[in-house]
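First comes the structure, then the notes that go with it.
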Amino acid sequence: MISTTTERAPERRPSARRRLLDAASELFYAEGVQTVGIERVIETAGVAKATLYNTFGSKEALVRAYLDERHAETADRLTAAVAAAKTPREAIVAVFAAQAELFTQPDFRGCAFVAASSEAPPGGLVEQAADEYRAWIRALFRDLAVNAGASDPDMLAAQLQLIYDGAGLSARMDHRPDVADPARAAVNALLDAQLPTTP
């Protein structure tokens with residue numbers, strides 16, 4: 001007799017690496033890289049201590065992997081926002097709109113790279129991750145400034161990055177998700193000054 005019931009395949013448990021990264025992301029972002037010890041990450045991930053060291057080698061390397069994932073997530077989010085824009089000017093503004101969406105989230109704790117690098121020794125993996133992230137943001141703004149026809153793309157990129165950094169800091173430190181409004185106004189004032197006028 002043929003069975004008419006469909007058997008469900010057992011759900012696959014995430015890999016130990018994935019569980020460690022998920023635990024690290026949750027704990028490091030919420031509480032700080034230095035505050036959270038390896039034992040907390042291991043307990044939350046449900047793995048053995050040896051698994052963490054076999055997978056990443058050190059806590060610093062785990063922090064670097066966590067930041068690399070944050071970088072990739074941010075890049076995907078901002079790139080998608082830019083791609084959805086209809087004009088080069090709107091593409092620049094879209095970056096700040098995407099950032100503003102984070103400010104209203106209840107778990108928003110500011111920039112993960114600022115927090116992690118402020119606690120890390122200079123020259124290590126954490127500082128490298130932060131430097132690479134910031135270089136990516138700066139390059140994004142420069143490319144967008146060039147595409148929009150800015151009279152001085154390097155200057156505009158530097159100014160936009162300052163507003164981006166400042167908005168994130170104010171949203172976190174001043175508990176002001178509405179800082180997106182003055183940030184947007186500052187961006188538009190810069191664009192008015194730098195971009196060619198359209199008839």
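Coordinate-derived values only; no laboratory data. Not measured: the values here are computed from a predicted model. No Cβ is skipped: glycine too gets one built from the backbone with ideal geometry, and neighbour counts run over all protein chains shown.
Using 7 Å Cα-to-Cβ label points, what is the Ala189/Ala72 separation (nm, one decimal)?
With each label point 7 Å from Cα toward Cβ, the separation is 4.0 nm.
Using alpha carbon centroids, what distance separates the stretch 22-59 and the stretch 124-155, in Å?
Comparing the Cα centres of the stretch 22-59 and the stretch 124-155, I get a distance of 30 Å.
Along its principal axes, what span do the Cα atoms of the stretch 45-130 show, with the longest given first and each in whole Å?
Here the spans come out as 51, 30, 23 Å, largest first.
Would you calculate, for the chain, the mean residue ellipticity at 222 nm contributed by helices, counting each DSSP H stretch of 4 or more residues as -39,500 (n - 2.57) and dividing by all residues, to the nearest 500? Before the final figure, lay out the partial values.
Details: 9 runs with 141 residues, N = 199.
For the chain, the value works out to -23500 deg cm²/dmol.
Please return the longest range in the chain lying between exposed loop sites, taking trypsin sites (Lys or Arg not before Pro), DSSP loop only, at most 15 other beta-carbon atoms within 10 Å, and leaving the sites out. Don't skip to the answer; put the middle values down first.
Working: sites that count: Arg8, Arg12, Lys86, Arg109.
In short, 110-199.
Would you work out if the stretch 84-199 is rounded, prolate or oblate? Take a ≥ b ≥ c from the square roots of the eigenvalues of the alpha-carbon gyration tensor; rounded if a/c is under 1.5, else prolate when a/b is larger than b/c, oblate otherwise.
Numbers: a/c = 2.41, a/b = 1.44, b/c = 1.68.
Because a/c hits 1.5 or more and a/b fails to exceed b/c, the stretch 84-199 counts as oblate.
Mind pulling the angle between the C-alpha long axis of helix 16-31 and the longest principal axis of the chain? Nearest 10 degrees, somewhere in 0 to 90.
Once rounded, one gets 50 degrees.
Using only the alpha-carbon atoms, how far is helix 153-173 inclined from the longest principal axis of the chain? Give it as 0 to 90 degrees, nearest 10.
With rounding to tens, the tilt is 50 degrees.
In terms of the Cα gyration tensor, with a ≥ b ≥ c the square roots of its eigenvalues, is the stretch 43-95 rounded because a/c is under 1.5, prolate because a/b exceeds b/c, or oblate?
Taking the square roots of the gyration eigenvalues as a ≥ b ≥ c, the stretch 43-95 is prolate.
Scanning the chain for GluC sites (Glu not before Pro) in DSSP loops with at most 14 other Cβ atoms within 10 Å, what's the longest stretch left with none?
In short, 12-199.
How high is the relative contact order of the stretch 47-135, given as a whole-number percent (alpha carbon pairs under 8 Å, six or more residues apart)? Write down the numbers at each step before the final one.
On the way: 46 pairs, mean separation 27.0, N = 89.
Once normalised by length, the contact order is 30 percent.
Return the loop-located chymotrypsin sites (Phe, Trp or Tyr not before Pro) in the stretch 26-66 (DSSP other than H, G, I, E, B) with at most 12 other Cβ atoms within 10 Å of their own Cβ; answer none if there are none. Present the calculation step by step, with values, prior to reporting the outcome.
Values: sites: Phe28, Tyr29, Tyr53, Phe56, Tyr66; in loops: none.
Sparse-neighbourhood loop chymotrypsin sites (Phe, Trp or Tyr not before Pro): none present.
For the chain, modelled as a GNM with alpha-carbon contacts under 10 angstrom, which of Gly110, Gly123, Gly166 fluctuates the most?
Judging by the Gaussian network model, the answer is Gly123.
With unit charges on the beta carbon (Lys/Arg positive, Asp/Glu negative), name the residue among Gly32, Thr197, Thr51 whose Cα is farthest towards the positive pole of the charge dipole of the chain.
Toward the positive end, the furthest listed residue is Thr51.
Counting only Cα, what are the radius of gyration and maximum Cα-Cα distance Dmax of the stretch 13-57, in Å?
Values for the stretch 13-57 (Cα only, Rg and Dmax): 9.6, 29 Å.
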